[in-house]
1. Out of curiosity, is Thr63 among the polar types (S, T, N, Q) and over 23 Å from Leu132 (Cβ atoms)?
2. If we only count helices (runs of 4 or more DSSP H) wholly inside segment 29-74, which ones have 3 or more residues that are farther than 23 Å from Leu9 by Cα?
3. Determine, yes or no, whether Thr6 is polar (S, T, N, Q), assigned to a loop (DSSP other than H, G, I, E, B) and over 14 Å from Leu80 (Cβ atoms).
4. Free of Cβ contacts under 8 Å to residues at least 12 places away in the same chain, surrounded by fewer than 24 Cβ atoms within 10 Å (Cβ to Cβ) and either in contact with a Leu (Cβ under 8 Å, 6 or more places away or on another chain) or assigned to a loop (DSSP other than H, G, I, E, B) (or both): does that describe Gly84?
5. Taking the condition of being within 19 Å of Asp125 (Cα to Cα) and open to solvent by less than 40 Å² (accessible area, probe 1.4 Å), how many residues in segment 46-69 meet it?
6. Considering only segment 90-113, state which residues are open to solvent by 20 Å² or more (accessible area, probe 1.4 Å), over 18 Å from Ala54 (Cα atoms) and of a type in the set (A, V, I, L, M, F, W, C).
7. Read through the list (1) under 23 Å from His33 (Cβ atoms); (2) assigned to a loop (DSSP other than H, G, I, E, B), then give the number of the only condition that Cys127 fails.
Amino acid sequence: RTRTRTRTLTVRVLLQAGAPVDATDAHGATPLHAATFSGQAGAMQALLRAGAAAGAAATDGTTPLHLAAAAGDEAGLRLLLAAGAAAEAEDEGGARPLHLAAAAVRRGAARLLVEEGGARPDARDGCGRSPLDLAALLRPSSIEIVTEIVTPLLTQASAVAAAPAETPAEAPAEA
């Protein structure tokens, strides 16, 4: 806990001293990427309040939301989504944050991305794999993610797609 406060304080001091909020390293990662990777919610809040781009992409396309999803950091996901991070952002391989959450079997993160972020459970990465495909491929013993998250969401999406579309009222005939 002391380490977390120290890091948050360090970020605030650097920002007050004029450090660029969206400076990048050799890989295009920003301070928000670093704070997200290390799960530092206080530092993330300070950076976002200072104007850090919630959807900043590193050179490989990874955004802070990808990092929070892979780690299952629900508090970080909420902060980033509230700041405007796109749940459908793709990295260079076409993976979205939901792909990473599913591959790591981060159920809460996956549910949050879909329900609060609008992530599509049927989205495909650059290899044509859905989040469900990755969960089954990388964590075959954790296929319960299907019944817990993905199947109900796909069923709901199918029901919405199958619902009859509303037709506009017919215009009155001209006399």
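The values are calculated or read from the model by the stated rules, or taken from the named source; none is laboratory data. In this text the structure is predicted, and so the values were computed from the model without any measurement. Cβ placement follows ideal geometry from the backbone for every residue including glycine, while neighbour counts extend to all protein chains displayed. Surface areas here come from the heavy atoms of the whole protein model, side chains and all, with no ligands, DNA or RNA. Shrake-Rupley method; radii C 1.70, N 1.55, O 1.52, S 1.80 Å.
1. Judged against the criteria, Thr63 is not a match.
2. It comes to 64-71.
3. On the way: polar (S, T, N, Q): yes; assigned to a loop (DSSP other than H, G, I, E, B): no; over 14 Å from Leu80 (Cβ atoms): yes.
So Thr6 does not fit the description; no.
4. Details: free of Cβ contacts under 8 Å to residues at least 12 places away in the same chain: no; surrounded by fewer than 24 Cβ atoms within 10 Å (Cβ to Cβ): yes; either in contact with a Leu (Cβ under 8 Å, 6 or more places away or on another chain) or assigned to a loop (DSSP other than H, G, I, E, B) (or both): yes.
Criteria not met by Gly84.
5. Our first condition is that a residue be within 19 Å of Asp125 (Cα to Cα); within segment 46-69, this holds for 55, 57-69.
Among the residues that remain, those that are also open to solvent by less than 40 Å² (accessible area, probe 1.4 Å) are: 58, 61-66, 68-69.
Qualifying residue count for the region: 9.
6. Within segment 90-113, Ala104, Val105 meet the criteria.
7. Going through the list (1) under 23 Å from His33 (Cβ atoms); (2) assigned to a loop (DSSP other than H, G, I, E, B), Cys127 breaks only (1).
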